[in-house]
Amino acid sequence: MSNAILPKQWQEVLQTEIEKPYFSELMDFVDKAYQTKTIYPPKEQIFNAFKACTLDKVKVVILGQDPYHDEGQANGLSFSVNSGIKLPPSLVNIFKEIERNLGVAIPTNGDLTRWAAQGVLLLNASLTVQAHQAGSHQGKGWETFTDAVIKYIAEEKEGVVFILWGAYAQKKAAFIDEQKHLILKSAHPSPLSVYRGFSGNQHFSLTNDYLKLQGKEEINW
């Protein structure tokens, strides 16, 4: 798999990571998986989060765990689904919180490219998954790569909002300096945990308040 799929700007700053042995092993594994099994998202969309949100634009990072693993859902952006696809429960709960928090009506379209275009990096910890098998590509090297992305943003940029939902995402706070950035943590928006602290977390207004304080444009959620 050619590294050229990763946009040039990102590729340049992640070059050291891309040149490590684990990354070529990961690419070999991913290549083979696409040849022999049904894998999501479509191969050309693996690095969509980076294509949709260039490094210079990053103001907010929302971390997911895995791409959606049902047909037609995953499009390379965490929590996002293709236009015309039924909204998954987690995304419905995200939209409900935005409605509660900001009074924005729940959209029917779950494609979050509109957020990415405003500087929201929608990053999954693993960028691929086998159909109907959640977590199937965990532990193959993706997490090492996406951790490096988070570390780079945390070290090289200032005033980024890191939104960490659920225990898995919250572990990534270890890489982030709270003096330089805003870290927002709560339970995950999945139906299993939405009422354990996700509902009512006000993360969307808190994000915009923080961006405004820095003279940055707020996100139109």
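Whenever a residue of the range 8-32 is without any contact (Cβ under 8 Å) to a residue 24 or more places away in the chain, its partners that are exposed (fewer than 14 other Cβ atoms within 10 Å of the Cβ), lying with C-beta atoms within less than 8 angstrom and at least six residues away or across chains, give the pairs Q11/A4. Within the range 132-154, the residues that satisfy the criterion of being within 19 Å of Q170 (Cβ to Cβ), among the charged types (D, E, K, R) and touching a Phe, Trp or Tyr at 6+ places or on another chain (Cβ under 9 Å) are D147, K151.
For the range 89-134, enumerate the residues that are surrounded by 13 or more Cβ atoms within 10 Å (Cβ to Cβ) and at positive phi. Result: G119, single match.
Checking D66, D70, D56 one by one, the residue that is assigned to a helix (DSSP H, G or I) and either touching a residue at least 24 places away in the same chain (Cβ under 8 Å) or surrounded by 22 or more Cβ atoms within 10 Å (Cβ to Cβ) (or both) is D56 and no other. Number of residues in the range 200-221 that are exposed (fewer than 15 other Cβ atoms within 10 Å of the Cβ) and either closer than 15 Å to R100 by Cβ or of a type in the set (K, R) (or both) equals 4. Taking every residue in the range 95-107 that is closer than 9 Å to W221 by Cβ and at pLDDT 95 or above and pairing it with any residue that is assigned to a helix (DSSP H, G or I) and open to solvent by 60 Å² or more (accessible area, probe 1.4 Å), at least 6 positions away or on another chain, the pairs with Cβ-Cβ distances below 9 Å are N101/L206. A Cβ distance below 6 Å, combined with a sequence gap of six or more or placement on separate chains, defines the contacts here; from the range 171-199, residues that are surrounded by fewer than 16 Cβ atoms within 10 Å (Cβ to Cβ) reach residues that are part of a loop (DSSP other than H, G, I, E, B) and modelled with pLDDT of 95 or more in the pairs K180/E158; R196/A187; G197/A187.
Scanning the range 44-53 for residues that are more than 15 Å from the chain's Cα centre (by Cα) and either open to solvent by less than 70 Å² (accessible area, probe 1.4 Å) or within 21 Å of I183 (Cβ to Cβ) (or both) yields a total of 0.
The values are calculated or read from the model by the stated rules, or taken from the named source; none is laboratory data. Model, not experiment: these values are computed from the prediction. Note: ideal-geometry Cβ built from the backbone for every residue, glycine included; neighbour counts use all protein chains shown. Areas reflect the complete protein model, heavy atoms only, side chains present, ligands, DNA and RNA absent. Shrake-Rupley method; radii C 1.70, N 1.55, O 1.52, S 1.80 Å.
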